[in-house]
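This report concerns only the one structure given below.
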Amino acid sequence: MTETVLRVRGITKSFGARAVLRGIDLDAHRGDVIAILGGSGSGKSTFLRCLNLLELPDAGTIEIAGAAAPLVHDTQGRARIADPRALNDLRAKTAMVFQNFNLWTHMTVLDNIVAAPVHVHGVPRAEAADRAQALLEKVGMAGFAAHWPRQLSGGQQQRVAIARALATDPDLMLFDEPTSALDPERVREVLDLMRALADEGRTMLIVTHEMAFARDVSTRVVHVRDGVIESMGPPALMFGADASPVFRAFLSH
């Protein structure tokens with residue numbers, strides 16, 4: 001049986017009176033590439049941020065590669081993580097690539113990549129630096145280790161961000177619209193790199209507007225609408241005649 005990497009049940013999240021997530025259930029197995037699609041404000045990016053608890057859900061459970069960080073609630077119903085160590089264990093299983101790269105501008109490319117292995121996972125710096133150099137070559141950025149983020153194009157920064165995400169060898173990679181801040185000519189190089197990661201068997205959840213990529217690369221497509229999963233299935237179904245009318249309407253726009 002294929003290993004379950006992600007198990008999510010009943011995730012809810014509100015901002016004030018606005019319910020953004022209204023009960024999300026989702027499983028991901030080892031090697032799954034799940035494309036999360038939906039309109040602006042549907043809750044898809046909030047859901048992704050809840051998975052590694054950058055946003056704290058109001059309710060629900062999240063388990064990643066056997067790690068979980070259960071929620072507890074105070075007398076006013078506000079959620080918090082019961083055990084900070086459990087939070088660190090869960091986050092150690094994941095890595096996230098953001099829309100706007102989020103590289104540390106005061107660090108060189110090399111230091112961006114070695115920071116988490118050294119300071120979070122206790123890897124000796126020399127070992128982390130060797131792996132960082134190998135990852136830079138993997139993402140087509142060999143020779144840029146001493147550069148500063150400001151010296152790089154958007155596409156180059158995103159490839160460095162992907163190398164940084166790979167540096168801890170995460171069980172689950174999260175991509176939040178990784179190409180939406182790029183110039184059109186840079187989108188392809190990032191998508192090609194993500195295709196290569198999918199071919200390696202990486203487990204990935206990808207919030208994206210790149211429909212051709214979702215159709216061609218993902219193992220499953222999830223359509224989020226109004227804070228719930230409206231429909232999901234393999235790309236052949238979701239992009240075919242048997243897709244839900246709601247999803248077909250989304251695609252037409």
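The values are calculated or read from the model by the stated rules, or taken from the named source; none is laboratory data. As the structure is a computational prediction, the values presented were derived from the model and not from experiment. Because the Cβ atoms are built from the backbone with ideal geometry, glycine has one as well, and the counts that use them run over all protein chains shown. Protein only, heavy atoms only, side chains kept; ligands, DNA and RNA dropped before computing areas. Shrake-Rupley method; radii C 1.70, N 1.55, O 1.52, S 1.80 Å.
Relative contact order of the stretch 133-241: what whole-number percent is it, with Cα pairs under 8 angstrom and at least 6 residues apart?
19 percent
If you count only protein heavy atoms with a 1.4 Å probe, what accessible area per residue comes out for the chain, rounded to a whole Å²? Before the final figure, lay out the partial values.
Working: 11880 Å² over 253 residues.
Accessible surface, normalised per residue, equals 47 Å².
Kirkwood Rh, Cα Rg: Rg to Rh for the stretch 1-100?
On the way: Rg = 13.6 Å, Rh = 14.3 Å.
In the stretch 1-100, Rg relative to Rh is 0.96.
Can you give the Kirkwood hydrodynamic radius for the stretch 46-111, in Å, rounded to one decimal and based on Cα pairs?
13.4 Å
Please report the equivalent ellipsoid semi-axes of the chain, computed as sqrt(5 x eigenvalue) of the Cα gyration tensor, largest first, in whole Å. Please list the in-between numbers first.
Working: eigenvalues 168, 114, 54 Å².
For the chain, the ellipsoid semi-axes come out as 29, 24, 16 Å.
Starting from the amide H of V33, placed 1.01 Å from N in the peptide plane, find each other amide H under 5 Å away whose residue is 5 or more places distant or on another chain.
Residues meeting the criterion, in which the H sits 1.01 Å from N, are M204, T219, R220.
Taking the inverse of the average 1/r across all pairs of different Cα atoms in the stretch 104-222, what Kirkwood radius in Å do you get? Intermediate values should be presented prior to the final figure.
On the way: mean 1/r = 0.0675 Å⁻¹.
When all Cα pairs of the stretch 104-222 are included, the Kirkwood radius is 14.8 Å.
What does the charge add up to near D111, with Lys and Arg as +1, Asp and Glu as -1, over the other residues with Cβ less than 13 Å from its Cβ?
Working: positive: R125, R164; negative: none.
Neighbourhood net charge equals +2.
Just to be sure I understand: of the beta bridges DSSP finds with both ends in the chain, what percent are antiparallel, rounded to 5? Walk me through the numbers before you get to the answer.
Working: 24 of 40 bridges.
Here the share of antiparallel DSSP bridges comes out near 60 percent.
Rounded to a whole number, what is D in µm²/s for the stretch 85-151 from Stokes-Einstein with the Kirkwood radius over alpha-carbon pairs (10 °C, 1.306 mPa s)?
Working: Rh = 12.9 Å.
Roughly 123 µm²/s, to the nearest whole number.
Given just the C-alpha atoms of the stretch 169-253, how large is their convex hull per residue in cubic angstrom?
Numbers: hull volume 9.8 nm³, N = 85.
Taking the convex hull of the Cα positions in the stretch 169-253, it is 116 Å³ per residue.
Taking the Cα centre of each part, how many Å lie between the stretch 134-151 and the stretch 84-101?
22 Å
Considering only protein heavy atoms and a 1.4 Å probe, what is the carbon-and-sulfur percentage of the accessible area of the stretch 95-158? Kindly include the intermediate steps, with their values, before the conclusion.
Numbers: 1740 of 3300 Å².
Summing carbon and sulfur atoms, their accessible area is 53 percent of the total for the stretch 95-158.
Taking only DSSP H segments of four or more residues, each worth -39500 (n - 2.57), what value at 222 nm results for the chain once the sum is divided by all its residues, to the nearest 500 deg cm²/dmol?
Value at 222 nm, helices only, nearest 500: -10500 deg cm²/dmol.
With every protein chain present, what accessible area does E189 have (1.4 Å probe, heavy atoms only), rounded to the nearest 10 Å²?
50 Å²
Can you give me the solvent accessible area of W104 with a 1.4 Å probe, rounded to the nearest 10 Å²?
Using a 1.4 Å probe on the heavy atoms, I get roughly 110 Å².
Post the alpha-carbon centroid distance, the stretch 171-246 to the stretch 61-79, in whole angstrom.
So the separation of the two Cα centres works out to 28 Å.
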